[in-house]
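Undergrad: I'd like to ask you about the structure that follows.
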Amino acid sequence: MTMNYSQTPDMDIRMDDELPLSPTPSTRGETRRYTLETELVYSDCTDQYNSSSVPIYQTATFKQTSLSNMGEYDYTRSGNPTRSHLERHLAKIMNASRALAVSSGMTALDVIARLLKPGDEVIAGDDLYGGTNRLLKYLSVNNGVVVRHVDTTNNRAVQDVITDQTTLVLLETPTNPLIKICDVAGISALVHAKNPQALVAVDNTMLSPMLMTPLDLGADIVYESGTKYLSGHHDIMAGVIAANRIDVIDRLFYIINASGCGLSPFDSWLLLRGIKTLAIRMEKQQSNAQQVAEFLERSGFKVRYPGLKSHPQFDLHWSMARGAGAVLSLETGDIALSAKIVESTRIWGISVSFGCVNSLISMPCKMSHASIDAKTRAEREFPEDLIRLCVGIENADDLIEDLKTALVKAGALKISMNGTERISTPPSKPL
Ligand SMILES: *Cc1c(COP(=O)(O)O)cnc(C)c1O
């Protein structure tokens, strides 16, 4: 019998004697058995040599024993044992029937977007990741896909634009960098009620499976950039997609196999390694982020972070998520002042992206979100002075001290008798 795990996800898991010798991943559509922290590091990989780390199958082809008995793997574009192991591990931690690993987060969205036909309608947020915006723009200009950008943090706004042509609803929460929360469960329910054919896809990059599992909230597809928290070290690009509906996963796998965007064996191995420390990294990053957010709020800045009670959607966020994440943003009221602050830090590296063990600082309007033109940013009330902080695993006091020094140097804070004091300029735009 020929077996192809990638196409038979619900095959009887007990047929151990028919499994290939190496490596034998633990999870094929199995639901989680332990708490997530344990599942992240736990794997029953029974490699023929009992290797503790999953082997890297750095090969493009696999030899067959005969013409009539084709093995599980033949060509790495279609499947590779290291990638399969990663995908099964991901399915487990994402609470999905199956997961797929591709070459970047944007590739994940590109694969999902290939489900669309001309005339199909996509509903997406108005505070989207810049790259997502760029890809949707391409699809609407070149492929006849109709993209409706609405405020997806407002259920009514989504409800109003659902039609019979709605094929895909894209959600991101918290949005980046405005840190607005969208009601994944509420929107999934209302989309499915109004158009049962429409798929709700959640970009879970900001929270990772550690803090939220959108499939449990009613979403059809979850995808995320593995470049961020999942790998955690900014040394690879990767993307993951997961779903419970086998018909959806089969179509997505078809596209990956057809186009060849599956994650390479080496990067699959690096991502597997990164995932093992997700829980401990995220815990430290969140705890640091909370302390940084509280310091900035205490110092009089307008701070956006779901870990702060002042966040207008605090309750909604905590109804879905197990933590606040480690990305926050603040406003200074002045673009030049913000630029000066960003350029005055030392530990905080000026960099796009987040999810890394190192702390990063950026000005989205000049960096990650520069591909959204200034007029659109203005329409969406995007504060140009916004500073985004992506908190790493360093010592919290060092991080706060470095930030304080930069704020003082830039002229946003002054040291006074009773600590620090904000030199005030009003926030540029309301939340
Ligand atoms: C980074 C990011 C992506 C894209 O992922 P890449 O791995 O960079 O292609 C998509 N969505 C969000 C929210 C991101 O932060």
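Undergrad: Can you give the extra length, in nm with one decimal, that the chain gains between residue 58 and residue 309 once fully stretched, where that is 0.36 nm per residue apart less the Cα-Cα distance?
TA: 85.5 nm
Undergrad: Take the Cβ-Cβ distance between residue 376 and residue 318 as r, set R0 to 41 Å, and report the resulting FRET efficiency rounded to the nearest 0.05.
TA: Taking R0 as 41 Å, the efficiency between residue 376 and residue 318 is 0.85.
Undergrad: For the pair residue 351/residue 233, report the inter-label distance in nm, with labels modelled 7 Å from Cα in the Cβ direction.
TA: 1.2 nm
Undergrad: While we're on this one: Over the chain, give the accessible area per residue in Å² for a 1.4 Å probe, as an integer.
TA: 42 Å²
Undergrad: Between residue 197 and residue 259, what FRET efficiency follows from the Cβ-Cβ distance if R0 is 30 Å, with the result rounded to 0.05?
TA: 0.80
Undergrad: Right, next: If you average over every viewing direction, what projected area does the convex hull of the Cα atoms of region 279-423 give, in nm²?
TA: Spelled out: convex hull of the Cα atoms, projected over all directions, averaged, 8.8 nm².
Undergrad: Sticking with this structure for a sec: Which of the peptides 186-198, 208-220 is most tightly packed, and how do the rest follow, judged by the mean count of other Cβ atoms within 10 Å per residue?
TA: 208-220, 186-198
Undergrad: Let me ask you something else. Using the Cα atoms of region 5-275, I'd like the radius of gyration and the largest Cα-Cα distance, Dmax, both in angstrom.
TA: Computed over the Cα atoms of region 5-275, radius of gyration and Dmax are 18.7, 59 Å.
Undergrad: Stretch residue 75-residue 246 to full length: gain in nm at 0.36 nm per residue minus the Cα-Cα span?
TA: Stretched out fully, the residue 75 to residue 246 stretch lengthens by 59.3 nm.
Undergrad: Does anyone have the angle between helix 335-344 and the longest principal axis of the chain? Alpha-carbon axes, 0 to 90°, nearest 10?
TA: 70 degrees
Undergrad: Can I ask one more? What nm value, rounded to one decimal, do you get for the distance between residue 140 and residue 298 when each label is placed 7 Å out toward the C-beta?
TA: For residue 140 paired with residue 298, the spin-label model returns 4.4 nm.
Undergrad: Right, here's the next one. Amide H to amide H under 5 Å from residue 171: which residues, 5+ apart in sequence or cross-chain, H placed 1.01 Å off N in plane?
TA: When sequence neighbours closer than 5 places are left aside, the close amide H contacts are 201, 202, 203.
Undergrad: Would you calculate, for the chain, the mean residue ellipticity at 222 nm contributed by helices, counting each DSSP H stretch of 4 or more residues as -39,500 (n - 2.57) and dividing by all residues, to the nearest 500?
TA: It lands at -10500 deg cm²/dmol.
Undergrad: Helix 246-259 against the longest principal axis of the chain: what's the angle in degrees, Cα atoms only, rounded to the nearest 10?
TA: Roughly 90 degrees between the two axes.
Undergrad: A follow-up question, please. Highest first, please rank the peptides 274-285, 346-357 by the mean number of other Cβ atoms sitting within 10 Å of their residues.
TA: Per-residue mean Cβ counts within 10 Å order the peptides as 274-285, 346-357.
Undergrad: While we're on this one: On the accessible surface of region 5-275, probed at 1.4 Å, how many percent belong to carbon and sulfur atoms?
TA: The computed percentage sits at 51.
Undergrad: Given the Cα-Cα distance of residue 160 and residue 358 and 0.36 nm per residue of separation, how much length would full extension add, in nm?
TA: Full extension from residue 160 to residue 358 adds 67.1 nm.
Undergrad: Just how large is the dipole of the chain about the Cα centre, in debye to the nearest 20, putting +1 at every Lys and Arg Cβ and -1 at every Asp and Glu Cβ?
TA: Roughly 700 debye for the chain.
Undergrad: So which of 302/340; 137/340; 137/228; 137/284; 228/302 end up more than 29 Å apart by C-alpha?
TA: Pairs exceeding the cut-off: 137/340; 137/284.
Undergrad: What figure in square angstrom, to the nearest 10, would you give for the accessible area of residue 62 with a 1.4 Å probe?
TA: 40 Å²
Undergrad: If I fit a long axis through the Cα atoms of helix 130-142 and take the longest principal axis of the Cα atoms of the chain, what angle between them do I get, 0 to 90°, rounded to 10?
TA: 70 degrees
Undergrad: Continuing with this model, one more query. Just tell me which aspartates and glutamates come within less than 15 Å, Cα to Cα, of residue 366; anything on the same chain fewer than 8 places away is out.
TA: The qualifying aspartates and glutamates are 331, 334, 343, 384, 385.
Undergrad: Taking Cα atoms of region 345-427, Rg/Rh with Kirkwood Rh, to two decimals?
TA: My calculation puts Rg/Rh at 1.03.
Undergrad: Could you rank the peptides 82-95, 400-413 by their average count of other C-beta atoms within 10 Å per residue, with the highest value first?
TA: Highest to lowest by the protection proxy: 82-95, 400-413.
The values are calculated or read from the model by the stated rules, or taken from the named source; none is laboratory data. Everything numeric here is computed off the predicted structure, so don't read it as measured data. Please note: Cβ atoms are built from the backbone with ideal geometry, for glycine as well, and neighbour counts cover all protein chains shown. Remember, those area values only see protein heavy atoms, side chains included, never the ligands or the DNA or RNA. Shrake-Rupley method; radii C 1.70, N 1.55, O 1.52, S 1.80 Å.
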